[in-house]
1. Rounded, prolate or oblate: which fits region 62-126, taking a ≥ b ≥ c as square roots of the Cα gyration tensor eigenvalues, rounded meaning a/c under 1.5, else prolate when a/b beats b/c?
2. Short version: ³J(HN,Hα) in whole Hz for each residue of region 205-220, in order, from phi by Karplus 6.51 cos²θ - 1.76 cosθ + 1.60 (θ = phi - 60°), x for Gly and Pro, what are they?
3. Can you tell me how region 25-111 classifies by the Cα gyration tensor, rounded, prolate or oblate, using a/c under 1.5 as the rounded cut?
4. Which FRET efficiency value, to the nearest 0.05, is calculated for L3 and D286 with the Förster distance at 25 angstrom and r the Cβ-Cβ distance?
5. Structure shown: which of K449/K491; K194/K310; K451/K491; K450/K491; K134/K194; K203/K363 lie over 21 Å apart, alpha-carbon to alpha-carbon?
6. Run the dipole for region 223-313 about the Cα centre, Lys and Arg Cβ at +1, Asp and Glu Cβ at -1, nothing else charged, and hand back the magnitude in debye, nearest 20.
7. Projected area of region 36-170, taken from the Cα convex hull and averaged over every viewing direction, in nm²?
8. From largest accessible area down, sort R534, R396; use a 1.4 Å probe on the protein chains.
Amino acid sequence: MALGIEDYGLISDCYSAALVGRDGSIDWLCLPHYDSPSMFGALLGTEEQGRWLLAPAEPRATSARHYDGETTVLVTRWLTSEGEAEVTDFMPAADDRATVIRRVRGISGTVRMHVAIRIRFGYADALPWVRLQKEGTANVLLAVAGGDSAVVRGLELEADGNSHVADFTVAEGEVVDMSLSWFASHTSPPEPPKVDALLKGTKKWWTEWAERCQYEGPYREAVVRSLITLRALTFTETGGIVAAATTSLPEEFGGERNWDYRFVWLRDASMTISVLLRHGYVGAVDHWRNWLLRAVAGDPADVQIMYGLKGERYLGERELPSLPGYQGSSPVRVGNAAYKQFQADVVGEVMLALQEARQAGIKETEFSWELQKALVTFLEKHGDRPDSGMWEIRGRPRYFTQSRAMVWAAYECAARGVRDFGLDGPVEHWEELRDQTRRDIETKGYDAKKKTYTQYFGTSEVDSSLLQLPQIGYCAPDDPKMLGTVAAIEKDLMHNGLPLRYRTKKSVDGLPPGEHPFLACSFWLVEQYARSGRLADAHELMSRLLGYANDLGLLSEEYDPVVHRQVGNTPQALTHLTLVRAAEAIAKASEPEAPSPQRVGKPKSKSTSGSRSKSGTQRKAVKKGKGTSGSKVERKSK
């Protein structure tokens, strides 16, 4: 059975990622890309669905683990009755292969290690043809099924049923390396990896990337780890940012809220870019903006809320009988039917991110402003209709208040592009649409009796997504209407000290009720506390939330505060980017007489607001330039 979600660490080469359990088993690995079919799928079943175990043979061995500095190189220190050994797991950065390397080093005494590897391509649906052969004087294992192949090097393995195993001993100072490389089955295996050089290069690549971080405020260690995690979820070849590294980790154990998050949501990616931009990673903006141009190419009326890593449009959802589910939670889904939904808020998120890029001094390209105008035109034609909301409601579409506020933000950003940056466009028309959207929100999305903004037009229910209203500049954090909304969230949605997204028992999402607190909502509440003068409350909640991270600083989508375990897909980009925002807000609030920042800039207009290679078998190194230091963004929220 799979471990607790918090028991897994992430390693990544920014093309894909693996989850390594504290028991030494790699239980999730999709190669060559994040959204490829799994070859190790024990996370969503048992070892029968594929895994790679590397741990001491002694059952009572204990372990402790950490990342090697500000990298994704994972180090696990094992202690046995006879000695101590260290396992270093990593996926080489800027390498031309899809490879996982596991290095065992003897620390003291002697440690007997055990290896068991079971490869299952195609989400555990394909039992590969496996053969052992010589490669010069070395022993290798080759596994082939359909278009997938893998070569395992480093030890002489022997068959044990459908697994291959080995036992070996390491003494002080001894080093044993193992590697697994994926390659297309119609090609030859890649050359053996040069482990010393790859390990050194990978540490250097991540360390230099992390050193560009410009944040020096409170909770810095958690901020830097979150930024590293966001980079680890960014597909180097195209700039697409996946929402998480996994699929179908349940939001409710035993329930059906199991979704595939290995795709690029415009909303999540936009907010990630915003966070990266403010911490010196300016190059990420152009990379993502170019991805966006390709993904949305064609008729803007066809814009989707999400795409594949390379901008693929079809993300058809299906259930997999070959994977029984995480600890029995089924179904396991791949693809995501939400790609067909209309969610009115996503254009606003994209426009906000690109507005921040302008404010940071990033010039528009030949096509980027034309794309933004096309997106606003799309809103003009389609924005004034009910939508599925940012929570991807699978029931009847509604006029969600957060969505309407994001529509407001889209028009506001378009108008600012003209007023503040001299770009072309029908600014008076956009301002008229912006102001009408605000009037709709104030008359239909605000409950004067309860003194709160509402989840959607016509209800008295609240939703934690309303915490974004001051973040986007729609209102001030201490506006009485916003304070009333926060009070309603605290009264109606708090569960053991954490806010739920909404009350599922009265929801319109078309699914059975029940879920755990969504961690991004909690970090939004930290930000709201900090920006509205409740700094002590912000620190208290922030500290509690960071206590829910695992020993490596990773957080999933949700948290169960009753049984104290992480829930949902992991690591979750939205959780980590909102963590960074929350720390920023606390840092800003801690400054003496800090001015209120703006996300969309100080109003000047009429406002009523208060790579892989082409063959798929090799990759070229991608060199990232240093971000422009000192860039600051004027905004109401960050």
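The values are calculated or read from the model by the stated rules, or taken from the named source; none is laboratory data. These numbers were taken from a predicted model, which means no experiment stands behind them. All Cβ positions, glycine included, derive from the backbone under ideal geometry; neighbour counts span all protein chains shown. Accessible surface areas use protein heavy atoms only, side chains included; no ligands, DNA or RNA. Shrake-Rupley method; radii C 1.70, N 1.55, O 1.52, S 1.80 Å.
1. Judged from the Cα gyration tensor, region 62-126 comes out oblate (a/c at least 1.5, b/c at or above a/b).
2. Going residue by residue, I get 4, 5, 4, 5, 5, 5, 5, 7, 5, 9, 7, 10, x, x, 6, 4 Hz, with x marking Gly and Pro.
3. Judged from the Cα gyration tensor, region 25-111 comes out oblate (a/c at least 1.5, b/c at or above a/b).
4. In this case the efficiency is close to 0.05.
5. Beyond 21 Å between Cα atoms: K194/K310; K203/K363.
6. Charge dipole of region 223-313: 380 debye, to the nearest 20.
7. 9.5 nm²
8. R396, R534
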